[in-house]
Amino acid sequence: MDFKQLQSFVTVVQEESFTQAAGKLFVSQSTVSTHIHQLESELNTKLILRTTKSLQTTPKGRELYEYALNILELKERMVQACSIESQRIIHLGASTIPSAYILPQLLADFGKLHPDIYFIIHQSDSQGIINGLKDGLFNLGFIGMSCEDSDFCCQPFCRDRMVVITPVNEHFLQYKQQKENVLPELLREPLILREKGSGSKKMADNFLAHSGISEDELQIIARVNDQETIKNLVASGMGISIISEKAAHNFLQEKRLLAFELPQAFSERSLYLIYRKNYLLPSYVKEFLGFISQSKL
């Protein structure tokens with residue numbers, strides 16, 4: 001039994017015709033017939049019943065058809081994997097903070113040392129990246145929260161912290177001058193939060209929970225997926241937010257936002273590198289892993 005025989009069989013079943021199957025496969029009809037006959041002889045069972053007017057697949061034939069589809073799909077995936085290996089492409093999944101504020105410089109530095117390695121990056125929230133890794137879409141993932149799933153290796157690669165950001169105006173500048181804890185007062189302001197599934201949202205939820213504050217007590221005016229949009233909305237005076245300091249860094253430097261620190265226990269967090277334990281990583285992906293471990297992030 002070989003792939004050509006299985007492909008001929010699958011195509012005959014799908015086309016319901018030896019002639020059309022031969023045309024689709026660009027082989028002669030006798031070749032297709034030979035492949036089917038060889039399969040039936042090896043399996044010692046009839047797979048296809050053919051008359052001058054009709055073609056029917058036997059119960060055993062239907063069973064083989066399902067197996068053959070899976071085998072041919074696995075073969076195609078194997079060929080694609082080998083092709084990707086030769087192209088040296090790394091597929092990355094990254095949540096918002098790593099994708100927008102860490103990976104650009106990291107990949108640029110790595111690219112100088114390895115100009116023959118390329119990256120394809122997909123951005124989603126942390127849970128979306130984990131789901132993508134489960135489905136085999138990425139070689140590696142960068143996320144904003146830890147994953148306890150035993151199928152994954154999840155290790156911290158960078159530190160970050162959460163801050164409350166506000167517009168720059170007299171109202172919030174007065175809070176800056178106060179020495180006592182102003183967070184309870186700030187949290188009475190209109191609040192813009194991240195979407196569910198993000199590591200940033202999880203950190204904000206932890207802080208609020210430990211502060212004894214439920215979302216019902218907050219004046220939530222929007223939930224926004226994009227950090228850049230959140231910064232612009234806050235800078236324009238729409239409300240305040242709780243976001244990553246790395247994301248807010250450029251607006252803080254330009255004095256377009258004010259930042260208020262959260263208690264250390266609820267503000268500092270790790271960003272995580274994650275990949276499947278049971279996947280054989282190509283050598284060039286391992287090179288990239290080694291580069292990350294040596295980088296000062």
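The values are calculated or read from the model by the stated rules, or taken from the named source; none is laboratory data. Being a predicted model, the structure only gives us computed values, none of them experimental. Cβ sites come from the backbone with ideal geometry, for glycine too, and all protein chains shown count toward neighbours. When the accessible area is computed, the model is the full protein with side chains, heavy atoms only, and any ligands, DNA or RNA have been set aside. Shrake-Rupley method; radii C 1.70, N 1.55, O 1.52, S 1.80 Å.
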Would you check which residues across the range 207-216 are in a loop (DSSP other than H, G, I, E, B) and within 18 Å of LYS196 (Cα to Cα) and list them?
ILE213, SER214
Consider ALA209 carefully, then state whether it is of a type in the set (A, V, I, L, M, F, W, C), more than 25 Å from GLN127 (Cβ to Cβ) and either free of Cβ contacts under 8 Å to residues at least 40 places away in the same chain or touching an Asp or Glu at 6+ places or on another chain (Cβ under 8 Å) (or both).
no
All but one of (1) assigned to a loop (DSSP other than H, G, I, E, B); (2) surrounded by fewer than 16 Cβ atoms within 10 Å (Cβ to Cβ); (3) at pLDDT 90 or above hold for GLU195; state the number of the condition that does not hold.
(3)
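Could you please find all residues in the range 3-17 being in a loop (DSSP other than H, G, I, E, B) and either among the small types (Gly, Ala, Ser) or open to solvent by less than 50 Å² (accessible area, probe 1.4 Å) (or both)?
If the condition is that a residue be in a loop (DSSP other than H, G, I, E, B) and either among the small types (Gly, Ala, Ser) or open to solvent by less than 50 Å² (accessible area, probe 1.4 Å) (or both), then SER17 is the only one that fits.
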Among the helices (runs of 4 or more DSSP H) lying completely within the range 217-293, list those that include at least 1 residues that are among the β-branched types (Val, Ile, Thr).
227-235
Can you pull out the residues in the range 96-129 that are open to solvent by 20 Å² or more (accessible area, probe 1.4 Å), of a type outside the set (S, T, N, Q) and over 16 Å from the mean Cα position of the chain (by Cα)?
TYR101, PRO104, LEU107, ALA108, ASP109, GLY111, LYS112, LEU113, HIS114, PRO115, ASP116, TYR118
Out of (1) at pLDDT 90 or above; (2) open to solvent by 100 Å² or more (accessible area, probe 1.4 Å); (3) in a helix (DSSP H, G or I), the one MET78 does not meet is (1)
Which residues, counting only those in the range 108-126, are touching a helix residue (DSSP H, G or I) at 6+ places or on another chain (Cβ under 9 Å) and either assigned to a loop (DSSP other than H, G, I, E, B) or closer than 30 Å to ASP149 by Cα (or both)?
PHE110, HIS114, ASP116, ILE117, TYR118, PHE119, ILE121, HIS122, GLN123, SER124, ASP125, SER126
Would you check which residues across the range 18-68 are within 16 Å of PHE3 (Cα to Cα) and among the aromatic types (Phe, Trp, Tyr) and list them?
PHE26, TYR65, TYR67
Tell me which residues, restricted to the range 18-32, are touching a residue at least 12 places away in the same chain (Cβ under 8 Å) and either within 42 Å of the chain's Cα centre (by Cα) or surrounded by 17 or more Cβ atoms within 10 Å (Cβ to Cβ) (or both).
PHE18, ALA21, LYS24, LEU25, VAL27, VAL32
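Please find, within the range 149-184, the residue that is nearest to ILE292 (Cα to Cα) out of those that are acidic (Asp, Glu) and either at pLDDT below 90 or assigned to a strand (DSSP E or B) (or both).
Of everything passing the filter in the range 149-184, ASP160 is nearest to ILE292 (Cα to Cα).
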